[in-house]
1. Could you list, in sequence order, the residues of segment 114-134 that are closer than 22 Å to residue 377 by Cα and crowded, with 19+ Cβ neighbours inside 10 Å?
2. Are there any pairs with C-beta distances below 7 angstrom linking a residue in segment 404-419 that is under 17 Å from residue 60 (Cα atoms) to a residue that is in a loop (DSSP other than H, G, I, E, B), with the two at least 6 apart or on different chains, and if so which?
3. Kindly list the number of the only condition in (1) in contact with an Asp or Glu (Cβ under 6 Å, 6 or more places away or on another chain); (2) assigned to a helix (DSSP H, G or I); (3) not polar (S, T, N, Q) that fails for residue 158.
4. Every residue in segment 94-110 that is surrounded by 24 or more Cβ atoms within 10 Å (Cβ to Cβ) and either among the basic types (Lys, Arg) or in a loop (DSSP other than H, G, I, E, B) (or both), please.
5. Please tell me if residue 512 is at pLDDT below 95, within 25 Å of residue 118 (Cα to Cα) and of a type in the set (Val, Ile, Thr).
6. For segment 447-457, indicate whether the set of residues that are of a type outside the set (S, T, N, Q), assigned to a strand (DSSP E or B) and modelled with pLDDT of 95 or more is non-empty.
7. So in segment 434-467, with the set limited to residues that are among the aliphatic types (A, V, I, L, M) and in contact with a strand residue (DSSP E or B) (Cβ under 8 Å, 6 or more places away or on another chain), which one is farthest from residue 410 (Cα to Cα)?
8. Cβ-Cβ under 6 Å, sequence separation 6+ or interchain: first residue in segment 291-312 and assigned by TED's automatic domain parsing to the domain that holds residue 333, partner in a strand (DSSP E or B) and aromatic (Phe, Trp, Tyr). Which pairs?
Amino acid sequence: MKKQIPRRLGMGLLASMLLISAGCSNSSSAGNNTKNTTNGNNSANDTAPVTFTFFGADASPNWNRMEDDIGKEIVAKTGVTLNAEYDVGSGGGQDKISMMAASGEYPDMIYAKGELGKLVDAEAIIDLTELIDKYAPNIKKVMDGNMNRMKYSKDNQAIYSIPTNVGIDQQSFDATNGFQIQHRVLKELGYPEVRTVKDFENVLKAYVAKHPTTDGQPTIPLTVNADGWKIMITVTNQGDITTGGTNDGEYYVNPETYETMLHYKKPEEKEYFRWLNHMYNEGLLDKESFVQKDDQYKSKISSGRVLGLTSVEWEYQDAENALKAAGKDEYTYAHFPVTLSEEYKDHAMQSVGVDGYGISITTACKDPVRAIKFLDWLSSEEGQVLRNWGIEGKHYNVENGKRVIPADILDQKVNDAASFTKATGVGLYSTLGVRYGDGVKDSTGNYYTTNFPEQILAEYSDAEKASLAAYNATTWKDLFPAEDEFPVKEWGALYNMPVPTDGDYQVIYQKTQDIVHKRIPEAILSRTADFDKIYDDFIAELNKAGAEKMEKEYTELVKARVSLFTGKEIE
């Protein structure tokens, strides 16, 4: 990794971070293996062996150093090997990327998620605009009509990353979020209606009364994951979602005026947290919820004794995969669009348009042309089919012109997902190129992805099919408000919107986050009689920390983003 000293960081921070990282050895730079093409010269041989260093801000426990089937094929086709490092646990890359920005040591390529702004301010990221225009026809094809959504901001219209965690022209055929209930619970109770938090509560309460233990261990009606940023997914975001919000991170955006505020200030949201407080005092919320670690949370789920969740499938999928591998399909989960009351709608199906986290090339990369060509090949039709489906004849066959996953391969994919992913590489390379979303067909008339109605149905277990049939649904999406009930979000995905990385905004934001992470659990775990005072004091404490000033600044950022994405002038 090449040293590039950031220009905008205080020397005190730099010195302290260097002390932390002093014992770490540098990994070799890709520049040792490649011709320097920083000025735009093409490599002499686009398939000559080369190694690029890479860091991904998400954990990737099944990464196999490209020794999987797909990895080997990518190396054979492109000559590129990735010396990759992924974040551990649920840190989201925050600590690692902060250390990079302080030390000036960067990989050649990086999937930085919400930490990209730190690297942009450290002048560590290359503007990809010219590279894409000259060397990336596949990226341009996939992103056609959406190039402005790759621009960093209205004031800085450089392209610092290409969005790779979202599918272009995505059609959602299934739902994997909402509130979750085990299929065994639904079956025993005759598949009751589950629409509101009270319905959800009644189901859990009725079942645990009948079955206080599961396989010799205490049954847990509901548990949440509050380890680090995961508290947003299973606790705090749900306050917004269940009260009709559009899940814009820590903020609620008025769709008419674009004014923003921390979503906790919505009066109705207080009632959701009051409900969680009630669940705790009724003994229905796991008493270890706010002290357990991510692995402990997943261990409880994989034991089969957790009846309900307030999450999204990707967050607990490792644990559910363990249940499938153990043949316990009835212990896996159904999805319901639960809200505080029936006056609210779950906005899970609302489209954000083309917007998302992506992959960047850093100033450490001595051959950015080769790097963008590598990403461009992965964004080609051939590259996308390989990443999504695997290798023809090994992971799928073509029968009468249609790609088909053989039964034995499908069984491995569904019921032994971790081993399948590690051996095949299916699902490991999704963030390394732009891609079309579910429902889009390639030049052969086949879907780019394996998430289309027929395949989704083929992957459902018998327990899942029984639950869906009982609710007169084909997929879980059928239970949720449809996409056409909502407008496309003009501001896109706000988790991807750049915010100031210095000055008052970051200071205030961190203060408010500290308050949220302390006071929300405190309110939930309080005596019923104390809840109102604790919650009201929580809101007052946010304002005292400067929340109103921060909200005004965030509002202006949202308005500028809407203007960039739509071309509208916003006052």
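The values are calculated or read from the model by the stated rules, or taken from the named source; none is laboratory data. Owing to the predicted nature of the structure, the values given are computational and were not obtained by experimental measurement. Methodologically, a virtual Cβ is constructed for each residue, glycine included, from the backbone with ideal geometry; neighbour enumeration extends over all protein chains shown.
1. Narrowing segment 114-134 to residues closer than 22 Å to residue 377 by Cα: 125-134.
Residues satisfying the conditions are 125, 126, 128, 131, 132.
2. What qualifies is 418/62.
3. Condition not satisfied by residue 158: (2).
4. Residues of segment 94-110 surrounded by 24 or more Cβ atoms within 10 Å (Cβ to Cβ): 97, 100-101, 106-110.
Selection gives 107, 108.
5. On the way: at pLDDT below 95: no; within 25 Å of residue 118 (Cα to Cα): yes; of a type in the set (Val, Ile, Thr): yes.
Spelling it out, it is not the case that residue 512 is at pLDDT below 95, within 25 Å of residue 118 (Cα to Cα) and of a type in the set (Val, Ile, Thr).
6. At the first step, the residues of segment 447-457 found to be of a type outside the set (S, T, N, Q) are 447-448, 452-454, 456-457.
In the following step, the residues that additionally are assigned to a strand (DSSP E or B) were identified as 447.
Filter once more, keeping what is modelled with pLDDT of 95 or more: 447.
Yes - at least one qualifying residue is present in segment 447-457.
7. 434
8. As it stands, the answer is 310/179, since those pairs meet every condition given.
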